[in-house]
Amino acid sequence: MTLLRDNALFAAFDEAASSYDRLTAVNPGYHGHLRRSARRLGLPDGGRGMRLLDLGCGTGASTAALLAAAPRAEIIAVDASAGMLERAAAKPWPPGVRFVHAPAEELTAAVEGPFHAVFAAYLFRNLTDPDAVLTDVHKMLVPAGRLAVHEYTLRGRPVDRAVWSAVCSAIIEPAGRLAGDRELYRHLRSSVLEFDTAPAFAARLTATGFESVRVLPLSGWQTNIVHTVVGRVPCSPADRR
């Protein structure tokens with residue numbers, strides 16, 4: 001297994017930034033699934049009056065998905081890779097979208113809360129300490145604030161691991177080699193196999209203090225491979241009155 005962490009991972013994403021959008025463009029359902037996960041935040045009135053955080057925004061695909069779900073919101077998009085963030089920021093965005101260069105582990109020092117919702121796509125399996133980042137996210141959300149995590153989290157059956165390994169061997173890793181990003185896509189394969197199953201990750205959210213936690217499937221070959229895990233911060237007794 002080949003896992004990259006911290007600065008080594010940031011550097012790998014920097015190097016892959018120039019080819020990243022081309023590779024995701026040929027992944028069936030990639031952008032549609034991101035939009036579906038963002039909609040699962042259930043933000044009312046197009047997000048009017050809301051501050052939203054896109055944590056681990058990469059080249060901006062998740063930012064675009066969040067903007068489509070909440071076009072009236074203020075969106076702050078954060079990523080640890082300067083190369084990926086440069087690609088994201090160079091795209092056309094409305095005035096309410098802003099990009100910040102920072103690791104997720106330094107979130108509370110890099111951006112000021114609170115937020116009404118957080119969207120995190122393909123992030124948590126890359127973190128050294130996902131529980132610490134979940135705790136920071138929980139603290140930065142308003143009461144009843146919402147979290148949607150869009151992630152490669154296998155359902156947990158042996159067949160799911162076999163399907164993921166087969167797709168990596170036949171498609172993902174060869175594409176990464178052609179793009180010159182072999183190590184990053186070997187990391188992708190390993191990070192999914194070594195990370196939580198979808199139920200285990202949902203349990204992490206519950207243990208952190210999120211309520212109404214649900215695991216929601218996505219369609220296509222990603223069924224049982226990619227999930228949206230949603231939850232919300234409890235209301236205080238005063239908020240319930």
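Key figures for this structure:
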| read-out | value |
| --- | --- |
| Carbon and sulfur %, accessible surface of the chain computed with the full protein complex present, 1.4 Å | 54 |
| Residues of region 8-29 with amide N under 16 Å of a point placed 7 Å along Cα→Cβ from Ala82 | 8-18 |
| Pair Ser236, Asp6: separation of 7 Å Cα→Cβ label points (nm) | 3.7 |
| Efficiency of FRET between Ala144 and Thr206 - r from beta-carbon atoms, R0 22 angstrom, step 0.05 | 0.85 |
| Alpha carbon centroid spacing (whole Å) that separates region 111-125 from region 151-216 | 19 |
| His101 accessible area, 1.4 Å probe, all protein chains in place, Å² to nearest 10 | 110 |
| Extended-chain gain in nm, criterion 0.36 nm per residue less alpha-carbon gap, Glu194 and Ser19 | 60.5 nm |
| Most to least accessible of Ser212, Ser81, Ser236 (protein chains only, probe 1.4 Å) | Ser212, Ser236, Ser81 |
| Crossing angle, helix 182-194 versus the chain [Cα axis fit, 0-90 degrees, rounded to tens] | 60 |
| Prolate/oblate/rounded call for region 6-65, Cα gyration tensor, a/c under 1.5 rounded | oblate |
| Dipole axis of region 1-79 (+1 Lys, Arg; -1 Asp, Glu on Cβ), positive-most option in Gly46, Leu23, Thr59 | Gly46 |
| Electrostatic dipole magnitude of region 1-121 [Cβ: Lys, Arg +1; Asp, Glu -1; Cα centre; debye, to 20] | 620 |
| Residues whose placed amide H lies under 5 Å from that of Leu154, excluding near-sequence neighbours | Ala198 |
| Probe 1.4 Å, protein heavy atoms only - accessible area per residue of the chain in square angstrom | 44 |
| Region 105-241: relative contact order in percent, alpha carbon pairs under 8 Å with at least 6 residues between | 31 |
| Where a label projected 7 Å from the Cα of Val159 along Cα→Cβ would reach, residues of region 179-211 with amide N under 20 Å | 193, 197-200 |
| Dipole magnitude of the chain, debye to nearest 20 (Cβ charges: Lys/Arg +1, Asp/Glu -1, about Cα centre) | 940 |
| Among Leu123, Gly145, Ala110 the positive-end extreme of the charge dipole of region 104-145 (Cβ point charges) | Gly145 |
| Using θ = phi - 60° and Karplus 6.51 cos²θ - 1.76 cosθ + 1.60, couplings along region 78-90 (whole Hz; Gly, Pro as x) | 10, 8, 7, 8, 5, x, 5, 5, 4, 5, 5, 5, 6 |
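The values are calculated or read from the model by the stated rules, or taken from the named source; none is laboratory data. This structure is a prediction, so every number in the text was calculated from the model and none was measured. Because the Cβ atoms are built from the backbone with ideal geometry, glycine has one as well, and the counts that use them run over all protein chains shown. Calculation scope for accessible area: heavy atoms of the full protein, side chains included, ligands and nucleic acids excluded. Shrake-Rupley method; radii C 1.70, N 1.55, O 1.52, S 1.80 Å.
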